1. Return yes or no: is SER94 modelled with pLDDT under 95 and assigned to a helix (DSSP H, G or I)?
2. Just for helices (runs of 4 or more DSSP H) wholly inside the range 1-90: which have at least 3 residues that are crowded, with 16+ Cβ neighbours inside 10 Å and modelled with pLDDT of 85 or more?
3. Give me the pairs: first residue in the range 48-76 and within 30 Å of TRP207 (Cβ to Cβ), second residue at pLDDT below 80 and open to solvent by less than 80 Å² (accessible area, probe 1.4 Å), beta-carbon distance under 8 Å, and six or more apart or on different chains, which are they?
4. Identify all residues within the range 91-101 that are open to solvent by 60 Å² or more (accessible area, probe 1.4 Å) and free of Cβ contacts under 8 Å to residues at least 60 places away in the same chain; write none if there are none.
5. Of everything in the range 191-222, what is at pLDDT 95 or above, surrounded by 16 or more Cβ atoms within 10 Å (Cβ to Cβ) and not in a helix (DSSP H, G or I)? Give them in sequence order.
6. Pairs needed: first member in the range 102-125, surrounded by 11 or more Cβ atoms within 10 Å (Cβ to Cβ); second member anywhere, in a loop (DSSP other than H, G, I, E, B) and of a type in the set (Lys, Arg); C-beta distance under 7 Å; at least 6 residues apart or different chains.
7. From the set of residues in the range 166-205 that are β-branched (Val, Ile, Thr) and in contact with a helix residue (DSSP H, G or I) (Cβ under 9 Å, 6 or more places away or on another chain), which is farthest from GLY156 (Cα to Cα)?
8. Could you count how many residues in the range 140-179 are out of contact with any Ser or Thr (no Cβ under 7 Å at 6 or more places or on another chain), open to solvent by 20 Å² or more (accessible area, probe 1.4 Å) and in a strand (DSSP E or B)?
Amino acid sequence: MPLDTIRDVLVRLSRGDLVEYLELGGWFRKVDDPILLEFLKVWGRIEVEGQNPRRVRDALVDQYKRLERQILEYQGYLGEVYMSQVLLNSQDKSKLPFPGRFFNSERDIQMDWPLSYVNHRVRLQSGKRREIDLLGAIGLDKWVCQSKWVTTHKIGVAVLQELMAQSQAVQIEFPTSNIRMWLFAYAGLTQEAETLAREQNILWSDWAQLDGLLTYLVLRKLPTLSVNEQSGRSKE
């Protein structure tokens, strides 16, 4: 691409405040738009450095896929933190029992005493998907908790089956304990998963129910992390 053409494009972009253009001296000093900046980096690799366009594209896709996984991991862990806050506040007798409506339970949830620990990312068995997001010990009860901060679709039976497998591992490790399973599914469960949850006595909360539970405990409410979440909440 001729330099005059590149200059003309950049001048036009500056009129939209995407780059900062100093007419005195003809300097382009700053790129204000992150997407444009990424585009210019890719363009430079292809047009200036002469790299293979397909390889540049594939590298960019890999980069954003890794970033997406990191964001999802962060969201899931954030859900765990809020769930742990609920368990840590389970010894407040003035708030007990917890209303069952927050857990899709017909009965209110009575919490045992005392609370011994609440641990994140516990692995009792080797193998895929055997890491427990949150494991709490409250009296003789062991709370096996899973966080799925997924805003685009409801959670299906596969996740519940993973939770059940993790609970079995806890039962082997602590045979005298009573196992309580709790799943945070941001967008809720599919109809099939709801049926399985009832059959297996799995407690679960969507974002509105966990939000309500946090408010009930006078804790900080769930944050809004994306435009999609804001749109979904506004429809409620």
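1. yes
2. On the way: elements: 3-15, 34-43, 53-88.
By residue number, 53-88.
3. Listed pairs, sorted by first residue: GLN75/LEU225.
4. Scanning the range 91-101 gives LYS93, SER94.
5. Listed by number, the residues that qualify are ILE202, LEU203, TRP204, SER205, ASP206, LEU217.
6. Close Cβ pairs satisfying both conditions: ARG123/ARG130.
7. Taking the range 166-205 and keeping what is β-branched (Val, Ile, Thr), we get 170, 172, 176, 179, 190, 195, 202.
Of the ones still in play, those that are also in contact with a helix residue (DSSP H, G or I) (Cβ under 9 Å, 6 or more places away or on another chain) are 179, 190, 195, 202.
Values: ILE179: 21, THR190: 5, THR195: 11, ILE202: 13 Å.
Among those that are β-branched (Val, Ile, Thr) and in contact with a helix residue (DSSP H, G or I) (Cβ under 9 Å, 6 or more places away or on another chain), it is ILE179.
8. 2
The values are calculated or read from the model by the stated rules, or taken from the named source; none is laboratory data. No experiment lies behind these values; they were computed from the predicted model shown. So basically every Cβ, Gly included, is an ideal-geometry build from the backbone, and we count neighbours across all protein chains shown. Remember, those area values only see protein heavy atoms, side chains included, never the ligands or the DNA or RNA. Shrake-Rupley method; radii C 1.70, N 1.55, O 1.52, S 1.80 Å.
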